[in-house]
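So the structure is just underneath, and the comments pick up after that.
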Amino acid sequence: MSKPNPAETGGQPGKLADFLRPRLDKRLSEKTQEERMDALIPVIFGIAKELKFQPLETKFEIAPTDYIDTIAAYSMPGAPPDWRGGEDYWKLKKEREKGSVIYELVVNTLPPLAFLAENNPDIAQILVIAHVMGHTDFFAHNVAFKNTDRYMGQNIIARTERILYYEEQLGIPKVEEFVDAANAIAWNIDPDPKSPINNMTNEEYKAWGKKRFKELWETSHRRPRSAYDDLLELEDRGKEKPVAPNAPFPAFEERDIMQFIRKFAPDGFIDESVPEELKEWQADILDSTRKMMVHLWPQAETKIMNEGWASYAHTSILHKMIERDLIPKESDDAIESSRMHAGVVQGHPLHPNPYQLGLAIWEDIARKYAGDPRKDGKPDRDWMGNIIDVTKMSKEERERRYNPRHIMETHRDESFIREFLTPALVEDLKLYQYALRDGENSWEGKHWRITTRQAQEIINGMAEQHINNGLPVIVVAPGGGDYKGKKELYLLHKHEGKEGSDLFLKDAKAVLTHLYTLWKRPVHLETVVDGKRYLYTCQGNKVSGKEIKEEATS
Amino acid sequence: MPGPLDRLYTRGPRTSIPVSLESPGGSVSGKKHDLERTGEIGKARFNDRLKRKLRERLPDIVGDVIGKVPIDGSGDKDVINVHLPPEQRPIFQRGENSGEGYGSGEGEPGDIVAPGPNGNGRGRRGGHGQEGDGGYDIPVPAEELLKMIFEDWELPDMEEKASGEMTEDTPVFNDTRKSQAPQTDWRRSAKRAIARTAATKKNDPNYEHGLKIITDENGNKKHVIDWRPDEDLQRKVWTTPQKPITNAVVYAMRDVSGSIGEEETYAANVMLSWTVRFLKTQYDKVEIVFGFHHSSAKINVTEEQFFNPGESGGTDLIPALELINKDIDRNHPTSDWNIYPFYVGDGEIFESPNNPDLVKSFTELTGKSRRLFYAQTSMMEARYPQWYGGNETNLMKLIQNLNDPHIISAKITDKASMKKGLDSFFKKKEGREGAVPRS
């Protein structure tokens, strides 16, 4: 028997329901949905707490679907209107007309905001509220969200006011062009607020680079320590000590390209051509775009865990409600809730569904935590492939390994998949890997084909797709802030050397032109195309590429 | 906030439903968000972007539009689907059609999960197997497309003629009234305020030259205008005088000889019909004289006859030129009319380019014209250059020999070149450089 939460106390099912139900039904049916939900939240919240979820106090709003689409498109309420959000909004609206429904939308602020779509039946709202409880628990406790700005709601509204003011004063196209440029590198950030570039002033950063560079150089040029140091030093007497060369700038690879540009762009971001109170508008846009991205980064990093946890919360809570007869078994509501749940956790042929995948993993973890064997009797295996028997494991051992709360707090998608997506689960979920391949026969043509169902390959591959949110790692190369001594920018693509690691060149070139808008001097990008090193250079609107010959650079 | 039924839950007997006592766990409100406009404003901005892109793509689209919009204007309300590629949001990301994706479902290794990119698929990571390129099919009414195209065109270098029938509506700001911004004429308003102050505050020490004197915290004196909004503010009001400016006539002449095949007829129809549409929509009073020629020429045929000629024969240009010259002298004297001959043909005329009669009547015509447009249908020549030996046609040679800036010629080789050609004829130029006004 599967127990999602062994810590639950049991209680006296039915008794309260007998007491409350007639009153609830009578009183609530006279109220608006808003009031009904307001009355139900403490109940759902209480059950969530009992199930060891620790949700935050949340502000729910019943809103028209258009509004929910707007929030979904702009990621936050109160965001400045722009064409990107407009396009997404339009697409969502079209999808909705075709019949797709966003059941839940929750914004990570303090208090968290969650939106319930107008005109949804009560049971859908209950499901969403239960789901949101999982999300707010996750926001509050997962390590990736540790540094998120809970006052982002206020920030974004202030940002919107400023941007609208800039647009009014400078014209929409001018501001839009710059926002486009900022957005092109918005993913090239280091969300860690403690990283040197985020944590130091310009001078401190430069000094830190110089010092660290010197230390490392000296370490690598020092003779290994030995018992004969005193003798060996005699040999060095009279010789000049080798001196570390000047540190390049930046001294080390810098992955926060956006912050680097913001801090070290040779001409800065003071726009003298505009009135005094506006002259820092570009810097402001860069800062606020970056801030928004830092806020969204953890959500991208934990999508599967987060959605899985929320789905785990809503299934557990709804089970409990049905068990307690708060939602009568075999009522239309109970059936409807199962139907909606089934819709949420359906597999997709081309993308892993985070709800389905996450929920399956969490349920597997909860089963192991409870010490139950798999239903089909197959053995559990750890990530090395060794058979483990959770039924014979001590309670402390299971606590140490499989406490869902502990896992929820400390993992991100990459490690979560690598560690807890087991070969048995891959089989259960019928996961496969696919790629663009020729058929066996020449006439079959190139199509997206299943390449393997081999579990370990799938687990590794899926985990890898979550490294750096699935994006290539591009850094400012050492010395890339002052390339050729002309303050040109030199970026380096850290190519993984695999098929499929090459950049999408059309986009990369477009990003380079945007970078030129920001840096205002030539921008270079070193990358690998089909196994050969290439250097792309953007000067003005033109991007030219040429192969790098090994002799020239080594 | 706790709801009205809160008491029922929190103060009730302790039972198996755990109701959180320390906090209700949240609240629900039904804020009315139906006035939220961010999504719609964004959508409008996105639409503007698409429109801009549509304009950029006009040369490619025109060809399709041409085929679909009937010449007589009956299809103007029709909606044409224009495909636009997706809006770019470039970021550094991994390549197209490479790497692996993950999904779930039945199937053996080797089974197809999504069709491959057959030229049009973009198939990016995360967008594997996406249909099409993710762009937009935008329904645009033909009328609007035509308007977008015609907005940029004009009959070049038109001269004012004494007995003009055409009018031009130019708003002229020639009166001021009291009002609020935004049509406020600040200069006049300020003058009025100063004058009023100067008149009324003659002996007031706080006023000087009709300006109020104020002292700031540093003790500096400043002069400011003493506004009385209800008395001083002046609004701009415009009237639209209609003044006759000019007369124009377009001689549309086409070659209908035997050498004009189906393709050439189609191309000529398109070029001419678009010119006619343009003239009719942008100018109220341009006269169009239709005519065609083979070894002999006809003029003043109806529009219907013109577009469905159904004649054939040899190709002599001189009769056509003479006919037009005669018509100009008789009906449209250059003193009163701007003359624009528009000729479409394949350029394979029987006369040699050095034929003195041809040169004489051709220069006579160009001498009378503000511009002479020549569209040469050269589809076959462009497609099979080896058969045509790269030689220019007789008419093109003649035009090259004359080297007159008032003759604009264009070669029609494909759909895109039609728009290019028409643009070269009619596109509004910045300033008027390059134009050689006829004295």
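All of the numbers you see were taken from the coordinates with simple rules; none came from a lab. Not measured: the values here are computed from a predicted model. Methodologically, a virtual Cβ is constructed for each residue, glycine included, from the backbone with ideal geometry; neighbour enumeration extends over all protein chains shown.
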Exercise. Determine which lysines satisfy two conditions relative to A:LYS329: a Cα distance under 17 Å, and not lying fewer than 8 residues away in the same chain.
Key: A:LYS15, A:LYS320
Quiz item: If you rank A:LEU429, A:LEU357 by fewest surrounding Cβ atoms within 10 Å, what's the result?
Solution: A:LEU429, A:LEU357
Quiz prompt | Highest to lowest packing among A:235-245, B:416-426, B:209-219, scored as the average C-beta count within 10 Å | solution = B:416-426, B:209-219, A:235-245
Quiz item: Over all residues in A:57-66, what is the mean tally of Cβ atoms on other chains that come within 10 Å of each residue's Cβ?
Solution: 5
Practice problem: Treat the protein assembly as shown as a sphere of radius equal to its Kirkwood radius over Cα pairs and apply Stokes-Einstein at 25 °C in a medium of 0.890 mPa s; give the translational diffusion coefficient in µm²/s, rounded to a whole number. | Solution: 69
Quiz item: Counting other Cβ atoms within 10 Å of each Cβ, which trypsin sites (Lys or Arg not before Pro) in region A:281-335 have at most 16 and sit in a DSSP loop?
Solution: A:LYS329
Practice problem: Could you tell me what percent of the DSSP beta bridges with both partners in the protein assembly as shown are antiparallel, to the nearest 5? | Solution: 65
Self-check item: For residues of B:84-90, the mean tally of beta carbons on other chains within 10 Å
Solution: 5
Practice problem: Please tell me the relative contact order of region A:404-482 in percent, rounded to the nearest whole number, where contacts are Cα pairs under 8 Å and at least six residues apart. | Solution: 32
Self-check item: By average C-beta atoms within 10 angstrom, highest first, the peptides B:195-205, A:190-200
Solution: A:190-200, B:195-205
Quiz prompt | Hydrodynamic radius by Kirkwood, which averages 1/r over all alpha carbon pairs of chain A, in angstrom | solution = 27.3
Quiz item: Given region A:434-554, what percent of its DSSP beta bridges are antiparallel, to the nearest 5?
Solution: 85
Practice problem: Describe numerically, in nm with one decimal, the distance between label points set 7 Å from Cα along Cα→Cβ at A:LYS430 and at B:GLU364. | Solution: 8.6
Quiz item: For peptide A:349-355, how many partner chain Cβ atoms fall within 10 Å of a residue's Cβ, on average?
Solution: 5
Quiz item: If you plug each phi of region A:173-183 into the Karplus form 6.51 cos²θ - 1.76 cosθ + 1.60 with θ = phi - 60°, what whole-Hz ³J(HN,Hα) values come out, in order, with x for Gly and Pro?
Solution: x, 4, 5, 4, 4, 6, 4, 4, 4, 4, 5
Quiz item: Percent antiparallel among DSSP beta bridges with both residues in chain A, to the nearest 5?
Solution: 75
Practice problem: Can you figure out the FRET efficiency of B:ALA199 with B:LYS222, using R₀ = 30 Å and their beta-carbon distance, to the nearest 0.05? | Solution: 0.85
Quiz item: Where in region A:327-383 are there GluC sites (Glu not before Pro) that are in a DSSP coil and have at most 14 other Cβ atoms within 10 angstrom of their Cβ?
Solution: A:GLU330
Quiz item: In nm, to one decimal, how far is the modelled label at A:SER544 from the one at A:THR32, with both set 7 Å along Cα→Cβ?
Solution: 6.7
Self-check item: Subset of A:LYS194/A:LYS291; B:LYS51/B:LYS285; A:LYS174/B:LYS53; A:LYS509/A:LYS546; B:LYS280/B:LYS419; A:LYS91/B:LYS51 violating a 20 Å alpha-carbon distance limit
Solution: B:LYS51/B:LYS285
Quiz item: At a Förster radius of 25 Å, what calculated FRET efficiency corresponds to the Cβ-Cβ distance of B:LYS326 and B:ASN354, to the nearest 0.05?
Solution: 0.55
Quiz item: Using 0.36 nm per residue, how much length does the chain from A:SER415 to A:LYS506 gain when fully extended, once their Cα-Cα distance is taken away?
Solution: 29.6 nm
Quiz item: lysines near B:LYS222 by alpha-carbon distance under 23 Å, same-chain residues fewer than 8 away left out - which ones?
Solution: B:LYS191, B:LYS201, B:LYS202, B:LYS212
Exercise. Sort out the exposed loop chymotrypsin sites (Phe, Trp or Tyr not before Pro) in chain A (DSSP loop, at most 15 other Cβ within 10 Å) and tell me the longest stretch that has none.
Key: A:384-554
Quiz item: Measuring from centroid to centroid over Cα atoms, what is the spacing of region A:137-171 and region A:305-325 in Å?
Solution: 31
